[in-house]
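Asker: One structure follows; several queries about it will come next.
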Amino acid sequence: MTYNVVRSETCPPTRFRAGRFALAATLSVALVGVGALCVAPASAVPTATGVAQSGLPAAEASAPLANLSHLNFLLDEVPLPVIAGHTTYQAAENPAVEAPWTYADRNDDGSYDSVGGGAFDAATGYYGQGAFNADDTSRAAVVYLRHWQLTGDETSRGHAFQTLRSLTYLQTTEGPNAGNVVLWQQFDGTLHPSADPVELPDPSDSAESYWLARTVWALGEGYAAFADDDPEFAAFLEERLDLSLAALNRQSLGEYGSYDIADGDEVPGWLIADGADASAEAVLGLAAYVQAGPTGPTADTARTALSRLSEGIAAMSTVEGASGDWPFGAIMPWTHSPSLWHAWGGLAPAAVATASEVLGDPALLTAAVQDTAQFTPQLLAAGGPNNAWSPTPGEAQIAYGVDSRLQSLIATAEAADAPGLLNIAAITAGWYFGANPSGLPAYNPATGTAIDGIEPNGNVNQNSGAESTIHALLSMIALDANPELKAAALGITATVATHGLSVVEAESGAITGGAIITPEGSWTGEANLSGGAYVELAAGGTVSVTVPTDDQSRRVHPIVNQVVEPSGTTTWTAGTGRHGTGKTITLGTTENGGAGEQGITEAPGQLLPLRLENTLPGKATQVVGSTDGPAQIDALLLQPLISTVAVTGPDGDSTLYVSADVADTQRRIDVPRGQKLVQQAFDATGQPVAVPSKGQGDAHSGKVFIAAGGFTQVWFESKK
């Protein structure tokens, strides 16, 4: 089966959609800037106010954030040619629909030009890909539906109606591909099922796809919104949803209950496009449809699909990661790689949290809680909502990924009644208002524009394409629906410092019995080599890596490119003192091989961070790996036992402490004269925990309490 990931809008002028098999095209950029924002030690805490303390003027805090002006600008009228197998609601009476242009390039005067995807042919007016696409049309429909439902805005209702008509025209209604969806459409309505460059599936309606999953999302939410408002249109949407489900049931869902092998592990074989990411977006639509209370065969089919897709998504949860192993409780998005987490389509926690309520299945909630309460704080502390960990943190930051994190936090907080997740949500949403590597707002509520991305070095892509605009608006609608959270998020406009995961390249070390290997490309087929190279050791070889000191102990995760067959072990030790000449400490061992059967993955073996049993002392300066068999060592991933994210803004300063420790921890900090320490502590599930009242120090010091695996937000208030 073939599939596509959502395109990145951070790299114009080239416009393409990269298949997940070709992630090297977008992920092989330098991923070595981890910790670029790490400018303060973990113990540094600015003076602060907390999430619950909103210092914003009431008018500003209450003003709507969701401004649909730019998305409306992107909309264009699309004529509908008469084509066999493609029609829509009231096509004969009104043979035109609305769809958003794919990209919007910013001009020097601040205006925007709407453009399509791929190379432009001036003679025909066609793009290599197309002007409009099902991905953006479906998600634009969700924006208009949610805005209409929240505000009662009739203009949004009208745009929701028209974009849903547009989307259903792209759906193939007859033949062997019935229910699947054509991705691209030219400005004159001509369908373009085979894009240039080639995308898979090709033609785009020849198999299930991300755009089919997003069609299910829009159809489900569309039915729920129009069920009472326009029952005839809702019935049409239900028919098309039934057509979509029929396609899924003869494709991925037809494999329900089967498991594939991926590097020796079982993974569910019935996820849409082999992904928890695509499946999650379909689940959101199915949940909305089922919750609306329809009856009949389609309702039964939808409930079954909802249950089965949710089960598959939950099966991609890294339960073992909750105990401190990489990736720290995240729901992994792709069955073809155990070491690639990406933010595109990252709504899996929101999907299973929502499904747990609709289906009355609390077991689904566990995966959502682990992802949001444990992985997401680590993500923020590693420098913010990066687009990918592959397996080291890197890539740009875009609204798509930020929105996925934010919506997942809100949905899980509600489903699990976990208030601590809203503290994380406020910091995450602050990205839009300046708490990002650029220090600049990523969304403008006065115009409704959203930047297309922020690179690790802080460079901003000032374009405002459909995908970024859509996901920024989904975030703003969510904030408008949660006024207290919105006020807290608006109070966070800058990231002062982060102190979390960092990477030290193995090739920076002293090597005996081995060599540095630099492949032609860093992409292995399922992950990226950090720094584009690795150290290959023969039996008896060593690599001695100099690491920075810290004010606390750290977990060490050697990133090993494990081969399929057993290949001995590497023993890791640490040296303290100058140049590592002091006491030697054994940290643990890693397996050089034993990755297991390749199965459905794109390459044999796996490039994976492997946690060592013992922690690295803060004063340690040297980590040495000694192997008794052939080994491939990529890098060392260092994780402080307590990571931090310090933010500031109109509400003042606050710091989030994130635990990777197995025991409760206390951190002593300085308290400014005339101030008192205030803290809100939460456990590893986002539930509040009591802070010990004793041992808070003298008048000028205090202790921050962080529960094992949990997080604590800290600020200061006047004693008066």
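The values are calculated or read from the model by the stated rules, or taken from the named source; none is laboratory data. None of the values given here were measured: they were computed from a predicted structure. Cβ: placed from backbone, ideal geometry, glycine included. Neighbour counts: every protein chain shown.
Asker: Among the residues that make up the stretch 115-129, is at least one of them crowded, with 24+ Cβ neighbours inside 10 Å and either among the acidic types (Asp, Glu) or touching an Asp or Glu at 6+ places or on another chain (Cβ under 9 Å) (or both)? I'd like the intermediate steps shown before the answer.
Answerer: Pass one, the stretch 115-129, residues crowded, with 24+ Cβ neighbours inside 10 Å: 116-117, 127, 129.
Checking which are either among the acidic types (Asp, Glu) or touching an Asp or Glu at 6+ places or on another chain (Cβ under 9 Å) (or both) leaves us with 127, 129.
Within the stretch 115-129 (the criterion being crowded, with 24+ Cβ neighbours inside 10 Å and either among the acidic types (Asp, Glu) or touching an Asp or Glu at 6+ places or on another chain (Cβ under 9 Å) (or both)), the answer is yes, since at least one residue qualifies.
Asker: Against the condition at pLDDT 95 or above and surrounded by 24 or more Cβ atoms within 10 Å (Cβ to Cβ), how does ALA273 come out, does it pass?
Answerer: Considered against the rule, which asks whether it is at pLDDT 95 or above and surrounded by 24 or more Cβ atoms within 10 Å (Cβ to Cβ), ALA273 comes out as yes.
Asker: While we're on this one: Every residue in the stretch 248-261 that is touching a residue at least 12 places away in the same chain (Cβ under 8 Å) and surrounded by fewer than 24 Cβ atoms within 10 Å (Cβ to Cβ), please.
Answerer: Initially, the stretch 248-261 is screened for residues touching a residue at least 12 places away in the same chain (Cβ under 8 Å), giving 248-249, 251-258, 260-261.
Scanning the stretch 248-261 gives ASN249, GLN251, LEU253, GLY254, GLU255, TYR256, GLY257, SER258, ASP260, ILE261.
Asker: Let me ask something else about it. Condition test on THR173, is it surrounded by fewer than 24 Cβ atoms within 10 Å (Cβ to Cβ) and either within 26 Å of the chain's Cα centre (by Cα) or farther than 19 Å from TYR89 by Cβ (or both)?
Answerer: When the stated conditions are applied, THR173 does not pass them.
Asker: Follow-up. Search the stretch 431-444 for residues being touching a helix residue (DSSP H, G or I) at 6+ places or on another chain (Cβ under 7 Å) and surrounded by fewer than 24 Cβ atoms within 10 Å (Cβ to Cβ), and hand back the single one that is farthest from ASP480 (Cα to Cα).
Answerer: Filtering the stretch 431-444 for residues that are touching a helix residue (DSSP H, G or I) at 6+ places or on another chain (Cβ under 7 Å) and surrounded by fewer than 24 Cβ atoms within 10 Å (Cβ to Cβ), the one farthest from ASP480 (Cα to Cα) comes out as PRO441.
Asker: Consider GLY345 carefully, then state whether it is crowded, with 24+ Cβ neighbours inside 10 Å, outside any strand (DSSP E or B) and at pLDDT below 95.
Answerer: Values: crowded, with 24+ Cβ neighbours inside 10 Å: yes; outside any strand (DSSP E or B): yes; at pLDDT below 95: yes.
Yes: the conditions hold for GLY345.
Asker: Counting only residues that are assigned to a loop (DSSP other than H, G, I, E, B), among the charged types (D, E, K, R) and in contact with a helix residue (DSSP H, G or I) (Cβ under 9 Å, 6 or more places away or on another chain), how many does the stretch 197-220 have?
Answerer: 2
Asker: Could you say whether any residue in the stretch 611-627 is part of a loop (DSSP other than H, G, I, E, B), buried (at least 19 other Cβ atoms within 10 Å of the Cβ) and on the phi > 0 side of the Ramachandran plot?
Answerer: Scanning the stretch 611-627, I find no residue that is part of a loop (DSSP other than H, G, I, E, B), buried (at least 19 other Cβ atoms within 10 Å of the Cβ) and on the phi > 0 side of the Ramachandran plot, so the answer is no.
Asker: Still on this model: Touching a residue at least 12 places away in the same chain (Cβ under 8 Å) and farther than 19 Å from ASP651 by Cα: is that true of GLY509 in this structure?
Answerer: Yes; evaluated as a whole, the condition is true for this residue.
Asker: Across the stretch 295-323, what is the total count of residues that are touching a residue at least 60 places away in the same chain (Cβ under 8 Å) and surrounded by fewer than 20 Cβ atoms within 10 Å (Cβ to Cβ)?
Answerer: Within the stretch 295-323, residues that are touching a residue at least 60 places away in the same chain (Cβ under 8 Å) and surrounded by fewer than 20 Cβ atoms within 10 Å (Cβ to Cβ) number 2.
Asker: State which residue pairs qualify: first residue assigned to a loop (DSSP other than H, G, I, E, B) and inside the stretch 400-419, second residue surrounded by fewer than 24 Cβ atoms within 10 Å (Cβ to Cβ) and not aromatic (Phe, Trp, Tyr) in any location, beta carbons under 7 Å apart, and separation of 6 or more residues or different chains.
Answerer: Close Cβ pairs satisfying both conditions: ALA418/THR685; ALA418/GLN687; PRO419/PRO688.
Asker: Pairs please, first residue from the stretch 273-289 and of a type in the set (S, T, N, Q), second anywhere and not in a helix (DSSP H, G or I), Cβ atoms under 8 Å, 6+ apart in sequence or on different chains.
Answerer: Final answer for the pair search is SER279/LEU271.
Asker: Related question: If you take the residues in the stretch 203-219 that are free of Cβ contacts under 8 Å to residues at least 40 places away in the same chain and of a type outside the set (Ser, Thr, Tyr), which one is surrounded by the most Cβ atoms within 10 Å (Cβ to Cβ)?
Answerer: Among those that are free of Cβ contacts under 8 Å to residues at least 40 places away in the same chain and of a type outside the set (Ser, Thr, Tyr), it is ASP205.
Asker: From GLY580, GLY588, GLY618, which residue is modelled with pLDDT under 95 and within 20 Å of GLN639 (Cα to Cα)?
Answerer: GLY580
Asker: For the stretch 383-401, does any single residue satisfy the condition of being within 21 Å of GLN680 (Cα to Cα), of a type in the set (Ser, Thr, Tyr), buried (at least 24 other Cβ atoms within 10 Å of the Cβ) and over 14 Å from the mean Cα position of the chain (by Cα)?
Answerer: Checked the stretch 383-401: no residue is within 21 Å of GLN680 (Cα to Cα), of a type in the set (Ser, Thr, Tyr), buried (at least 24 other Cβ atoms within 10 Å of the Cβ) and over 14 Å from the mean Cα position of the chain (by Cα).
Asker: With a cut-off of at least 1 residues that are of a type in the set (Asp, Glu) and under 29 Å from ALA234 (Cβ atoms), name the strands (runs of 3 or more DSSP E) lying wholly within the stretch 96-196.
Answerer: Answer list for the stretch 96-196: 96-100.
Asker: Could you please give the count of residues in the stretch 506-530 that are surrounded by fewer than 23 Cβ atoms within 10 Å (Cβ to Cβ), over 27 Å from THR335 (Cβ atoms) and in contact with a helix residue (DSSP H, G or I) (Cβ under 9 Å, 6 or more places away or on another chain)?
Answerer: Result for the stretch 506-530: 5.
Asker: For the stretch 658-682, give me each residue that is touching a strand residue (DSSP E or B) at 6+ places or on another chain (Cβ under 8 Å) and part of a loop (DSSP other than H, G, I, E, B). Explain how you work it out, then say what you get.
Answerer: Taking the stretch 658-682 first, the residues touching a strand residue (DSSP E or B) at 6+ places or on another chain (Cβ under 8 Å) are 658-661, 664-672, 674-682.
Scanning the stretch 658-682 gives ALA660, ASP661, ASP664, VAL671, PRO672, GLY674.
Asker: Next up: Return the residue satisfying two criteria in turn: it lies in the stretch 445-472 and is more than 17 Å from ASN107 (Cα to Cα) and aliphatic (A, V, I, L, M), and of such residues it is surrounded by the fewest Cβ atoms within 10 Å (Cβ to Cβ).
Answerer: So the residue we want is ALA446.
Asker: Additional query: Which condition breaks for GLU717 when tested against (1) assigned to a strand (DSSP E or B); (2) within 28 Å of the chain's Cα centre (by Cα)?
Answerer: GLU717 satisfies every listed condition except (2).
Asker: Which of (1) in contact with a Lys or Arg (Cβ under 9 Å, 6 or more places away or on another chain); (2) more than 22 Å from ALA278 (Cβ to Cβ); (3) of a type in the set (Ser, Thr, Tyr) does THR173 not meet, given it meets every other one?
Answerer: THR173 satisfies all of (1) in contact with a Lys or Arg (Cβ under 9 Å, 6 or more places away or on another chain); (2) more than 22 Å from ALA278 (Cβ to Cβ); (3) of a type in the set (Ser, Thr, Tyr) except (2).
Asker: State yes or no: is GLY674 small (Gly, Ala, Ser), over 10 Å from TRP715 (Cα atoms) and crowded, with 21+ Cβ neighbours inside 10 Å? Spell out how you get there, then give the answer.
Answerer: Details: small (Gly, Ala, Ser): yes; over 10 Å from TRP715 (Cα atoms): yes; crowded, with 21+ Cβ neighbours inside 10 Å: no.
It is false that GLY674 is small (Gly, Ala, Ser), over 10 Å from TRP715 (Cα atoms) and crowded, with 21+ Cβ neighbours inside 10 Å.
Asker: What are the pairs with Cβ atoms under 7 angstrom where one residue, in the stretch 118-144, is without any contact (Cβ under 8 Å) to a residue 24 or more places away in the chain and the other, located anywhere, is surrounded by 24 or more Cβ atoms within 10 Å (Cβ to Cβ) and not basic (Lys, Arg)? Sequence gap at least six, or different chains.
Answerer: Partner pairs satisfying both residue conditions: PHE120/TYR127.
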